[in-house]
Amino acid sequence: RKPLKPQMWLMTIVHIVCGFTLRNIKFSYTTERMELVGDQPCLILMNHSSFTDMKLAYGIFYPKKMGIITSVDAMTGILGKLMRLIGCTPTHKYVPDLTLFKDIEYMLKENKTSVLMYPEAGYSFDGCATTMPARLGTLMKRLGVPVVTVITQGAFHRDPLYNMLQIRKIKVSAHVKCLATAEEVKEKSVEELDALLAQEFSFDNFA
């Protein structure tokens, strides 16, 4: 099935629900070069630390509409139907998914929405970036849209996977950056784009 355009009424409900957590963690974020993106649909690449991450994304980008790449096993039953209504699109992790590129392109160009993706595809186990798919720069070049990165601080410590998902009282923040504009994506090589992304995802939460 084609990805659905996010329903604003449901996005608003999700945003309100997320607000309770965002206030509890005193969430804040900084931006860099985001004025270069404006209202353009963009590819958003966010590090994956815990279950809190989706709430952080809503805290940053709402009311901007986003298509969200989600693991297929999370989209079952009634929950899966609701997730589709807020723009979630399923994919299989750790294996080639030939339909994913078409789905991303459809969201960007037909639905006119940004696309949120967690390129690590799974939660960090040690607070550092996990191995990402090779040559994501190729995807950036083919899409030809601005690329935005979101790197969080504190989300891993709040809800670490190694600690039985025990919630801690931790202040969480994020840095949102326009990694490359559409023009810069066009000008740079795949290798240069991969290097930029690798630099952004070279964090260490324990440092």
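The values are calculated or read from the model by the stated rules, or taken from the named source; none is laboratory data. As the structure is a computational prediction, the values presented were derived from the model and not from experiment. With ideal geometry, Cβ positions are generated from the backbone for all residues, glycine too; neighbour counts draw on all protein chains shown. We work out accessible area using only protein heavy atoms, side chains counted, and drop any ligands, DNA or RNA first. Shrake-Rupley method; radii C 1.70, N 1.55, O 1.52, S 1.80 Å.
Tyr106 fulfils the conditions (1) in contact with a helix residue (DSSP H, G or I) (Cβ under 9 Å, 6 or more places away or on another chain); (2) part of a helix (DSSP H, G or I); (3) surrounded by fewer than 22 Cβ atoms within 10 Å (Cβ to Cβ) except for a single criterion, (1). Filter the range 179-207 down to residues that are within 27 Å of Leu22 (Cβ to Cβ) and out of contact with any Asp or Glu (no Cβ under 7 Å at 6 or more places or on another chain), then give me how many there are. The qualifying residues number 9. When the range 109-130 is filtered for residues that are under 16 Å from the mean Cα position of the chain (by Cα) and either among the β-branched types (Val, Ile, Thr) or part of a loop (DSSP other than H, G, I, E, B) (or both), the ones remaining, listed by number, are Thr113, Val115, Tyr118, Pro119, Glu120, Ala121, Gly122, Tyr123, Ser124, Ala129, Thr130. The set of residues in the range 162-185 being open to solvent by 60 Å² or more (accessible area, probe 1.4 Å), at pLDDT below 95 and in a helix (DSSP H, G or I) consists of Tyr162 alone. Of the residues making up the range 181-189, one or more are more than 25 Å from Met54 (Cβ to Cβ) and polar (S, T, N, Q).
Among the residues of the range 26-74, those that are in contact with a helix residue (DSSP H, G or I) (Cβ under 6 Å, 6 or more places away or on another chain), buried (at least 17 other Cβ atoms within 10 Å of the Cβ), more than 15 Å from Tyr118 (Cα to Cα) and in contact (Cβ under 8 Å) with a residue 60 or more places away in the chain comprise Phe27, Pro41.
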